[in-house]
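Report on one structure; see the data block that follows.
The values are calculated or read from the model by the stated rules, or taken from the named source; none is laboratory data. The shown structure was predicted, so the numbers you read here are calculated from the model rather than taken from an experiment. As a convention, Cβ positions derive from the backbone with ideal geometry for all residues, glycine included, and neighbour counts pool all protein chains shown.
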Amino acid sequence: MRSSLESVVRGAGHVLAATHVSPDPDGIGSLLALGMLLERMQVSHTLVSQDGVPYDADFLPGADTIVTDAPHDFDVAILLDCSEPRRIGAAAERLDEATVVNIDHHATNTRFGDVIRVDAGALSTSQIVHRLAGELGYSLDRRMATCLLAGLVGDTQGFRIAATDARVLDDAAALVAAGGDLGEVSRGVFGARPLGHVALWGRVLAGASQSAGVLSAQIRLADRRAAGVAEDDDAGIVNFLQSVRGTRAAVIFSEQGDSKVSVSLRSVPGVDVAAVAADFGGGGHRQAAGCTLVGDLIDVSSRVLARVRQAVDDSTLGRGSG
Ligand code: AMP
Ligand code: MN
Ligand code: MN
């Protein structure tokens with residue numbers, strides 16, 4: 001199929017391809033795989049991640065080709081794994097003149113852009129890029145398969161989330177058949193934490209509190225400093241909280257340097273945390289979402305926790321939309 005996406009990309013002078021701030025293996029893996037496609041199509045491009053490449057994606061082939069600043073000139077911008085344009089960071093201000101392509105799988109995607117490839121049923125953006133490669137007539141090589149597999153493994157938490165279905169496993173099997181190494185990818189995504197996480201987990205988990213199925217904890221700037229962990233790294237603690245028996249929603253509040261607090265949310269099916277995050281200007285998926293609020297840690301925590309409790313109560317009463 002000659003998609004309009006294909007004509008936009010083939011006709012481009014220079015493509016800016018970008019993923020979201022505080023990136024994850026899906027954002028970076030999708031970005032790198034798209035870059036490999038653009039390379040094969042001989043389309044000039046720059047791969048941008050404003051916050052660089054995190055520890056759980058730096059093993060991916062080509063990770064060192066990603067830059068943090070958008071190029072001066074580009075006429076096509078491809079945004080990956082972004083529910084809205086401002087998720088790419090500062091370069092969002094410079095999209096007015098460009099043809100914008102929106103490739104994403106968030107339930108809260110605003111359907112921005114000129115070419116829209118949004119599938120909220122996909123469990124990773126990399127699944128959509130995988131399909132796109134097929135549509136454009138390109139077979140997968142080992143490097144591309146590795147990047148796409150990292151997106152799937154990251155966003156499904158190693159094929160463990162409730163939404164993991166036969167289509168995802170079929171896609172994963174195709175990626176492994178194309179040379180993706182599931183062991184290597186799982187180790188790169190889940191087994192490459194910096195040592196500082198040990199100290200951070202110790203400090204943060206010591207203060208965790210539980211109430212009516214909601215388990216939450218706070219990361220203070222002082223905790224980060226003491227543990228030597230970067231500001232945008234919440235060390236995956238929220239996934240651990242969600243693994244505790246009886247937890248219907250898990251929340252991590254993370255103090256940022258500029259009187260902002262970023263919030264990470266996880267939930268069981270039936271509790272819709274995307275709706276919670278959207279109420280505070282953020283977004284995500286029903287079972288994994290986030291938002292950033294202005295305010296101090298205590299104030300933000302109490303506001304958000306009240307809303308999370310409401311979502312949990314609604315689900316108990318059978319009113320949840322998750
Ligand atoms: P995280 O808790 O950072 O792993 O994010 C969980 C999900 O929510 C991911 O799909 C993120 O892309 C999304 N997300 C996190 N923060 C925001 C935000 N401020 N706005 C929109 N989506 C977000
Ligand atoms: Mn993501
Ligand atoms: Mn994703």
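Quick notes on this one:
- In the condition set (1) away from ligand 1 (no atom under 16 Å from the Cβ); (2) within 19 Å of D232 (Cβ to Cβ); (3) not hydrophobic (A, V, I, L, M, F, W, C), R86 is compliant with all but (1).
- Criterion: more than 30 Å from R167 (Cα to Cα) and either among the hydrophobic types (A, V, I, L, M, F, W, C) or within 12 Å of ligand 1 (Cβ to nearest atom) (or both) - qualifying residue of A33, A92: A92
- Which numbered condition L80 fails, given (1) within 16 Å of ligand 1 (Cβ to nearest atom); (2) more than 14 Å from L5 (Cβ to Cβ); (3) in contact with a strand residue (DSSP E or B) (Cβ under 6 Å, 6 or more places away or on another chain): (2)
- Residues (of a type in the set (G, A, S) and either under 9 Å from A178 (Cα atoms) or away from ligand 1 (no atom under 16 Å from the Cβ) (or both)) located in the range 135-159: G137, S139, A145
- Criterion (within 16 Å of ligand 2 (Cβ to nearest atom), surrounded by 18 or more Cβ atoms within 10 Å (Cβ to Cβ) and among the β-branched types (V, I, T)) met by exactly one of V189, V204: V189
- Any pair with Cβ under 8 angstrom, 6 or more apart, that starts in the range 263-281 at a residue that is at positive phi and ends at one that is modelled with pLDDT of 95 or more and within 11 Å of ligand 1 (Cβ to nearest atom): G281/C291; G281/T292; G281/L293
- Residue in the range 51-58 that is closer than 30 Å to G196 by Cα and aromatic (F, W, Y) present: yes
- Pairs linking a residue in the range 114-128 that is within 11 Å of ligand 2 (Cβ to nearest atom) to a residue that is part of a loop (DSSP other than H, G, I, E, B), with Cβ atoms under 6 Å and 6 or more positions apart or on different chains, are T125/D81; T125/H105.
- Here the condition is being surrounded by fewer than 14 Cβ atoms within 10 Å (Cβ to Cβ), of a type in the set (S, T, N, Q) and either in the same structural domain as V118 (by TED's automatic domain parsing) or away from ligand 1 (no atom under 15 Å from the Cβ) (or both); of S209, S243, it holds for S209 alone.
- Criterion (away from ligand 3 (no atom under 16 Å from the Cβ), buried (at least 22 other Cβ atoms within 10 Å of the Cβ) and farther than 23 Å from N109 by Cα) met by exactly one of A226, A235: A235
- Flag if D258 is outside any helix (DSSP H, G or I), in the same structural domain as V308 (by TED's automatic domain parsing) and surrounded by 17 or more Cβ atoms within 10 Å (Cβ to Cβ): no
- Within the range 210-222, residues that are under 8 Å from V251 (Cα atoms) have Cβ atoms under 7 Å from residues that are polar (S, T, N, Q) and assigned to a loop (DSSP other than H, G, I, E, B) in these pairs: L215/T247, counting only partners at least 6 apart in sequence or on another chain.
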